[in-house]
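For reference, the structure discussed in these notes is given below.
Nothing in this text is a laboratory measurement; each read-out follows from the coordinates by a stated rule. The model shown is predicted, which means the values in this text are computed figures rather than measured ones. All Cβ positions, even for glycine, are placed from backbone atoms using ideal geometry, and neighbour counts span all protein chains on display.
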Amino acid sequence: MNGLKNVRNRRDDTLTRVGWDRLETMLADYYRAQGWSVDHVGTGSGRTRFDGGIDLKLRKDGEYVLVQCKHWNAKQVTHNAVHELLGIKVNENATGAIVVTSGEFTQAAKEAATRLGHVQLIDGDALRAMLGPQLEGMASTMPPPLPRASTHYRNRKRKPPADRGPLLVGALIGAPLVCYAVYRLLTFPFFSHRIEVDLPQRVQPVAQSPKTARVPVEKPAISPTTEQSPVLEKGMTGAELEEWKRKNDESMRILEENDKRDQEQADSER
């Protein structure tokens, strides 16, 4: 309803709290009580989704009148509604037309209805007079009007949004510090220290060329003592110690056999 004029007198009573579909039904009941045969064709009847610009069709004594209801309380009904209903009246071959509103008509709408004729306007004052008995019976069952917001509340200025600049600067400065602290914690010697254990490695025999002379070198025997075997400092069990001695003896035997073989080969080549 952009561009429409506001009503001069905005009401807040029983009629304004009635739904548009209920208002159509109340008008239908009123005209039936006046002796008219009423055909409720508007969407408020629940029979159709489109009313084609007509809410009620009235017939009595050879007269055929079309009724269009505008349940507007905040804006004035313009002359467009008058011209629209007048065009429908011609197509329907009706003898009359009525535009009803619960609010007000613009001056242009009043002038158009007078100039064109055969179109009756019923504003909010006349409608309340017509439906007075029905409205009085509904007044006790209607909910009370909602309280309007006070002028102080409507005119109260909103507080400007808080300046978040300092918070943003603090976050930018604090983020690198937090990252550095985490990095230092992860690189602390307690976490990065690795305990290396010297385990005996099996000595693999090295293939020698038959023409390569090799001078045997005496190797000191490895004694599984605490001073020569740091493995014992790590708390080996008796079975583990025996296995380690067996492997060590086997390695020494292989070295001695290799040295003996090399010596015999060197003697044969002489």
Can you compute the modelled spin-label distance between residue 253 and residue 182, with each label point 7 Å from Cα toward Cβ, in nm? 5.8 nm
Grab the beta carbon distance between residue 4 and residue 61, set R0 = 35 Å, and tell me the FRET efficiency rounded to 0.05. 0.40
Nonlocal amide H pairs with residue 72, under 5 Å, H built at 1.01 Å: 102, 103
Reachable aspartates and glutamates from residue 57, Cα under 13 Å, same-chain residues fewer than 8 places away excluded? 24, 29, 39, 92
Which of the peptides 69-76, 171-178 is most tightly packed, and how do the rest follow, judged by the mean count of other Cβ atoms within 10 Å per residue? 69-76, 171-178
Per-residue Cβ neighbour rank within 10 angstrom, fewest leading, 255, 85: 255, 85
Taking R0 as 22 Å, what FRET efficiency do you get between residue 80 and residue 43 from their Cβ-Cβ distance, rounded to the nearest 0.05? 0.70
How much length, in nm to one decimal, is gained on full extension between residue 111 and residue 17, taken as 0.36 nm per residue of separation minus their Cα-Cα distance? 30.9 nm
For the range 251-256, in order, what is each residue's ³J(HN,Hα) by Karplus, 6.51 cos²θ - 1.76 cosθ + 1.60 with θ = phi - 60°, in whole Hz (x at glycine and Pro)? 5, 5, 5, 5, 5, 5
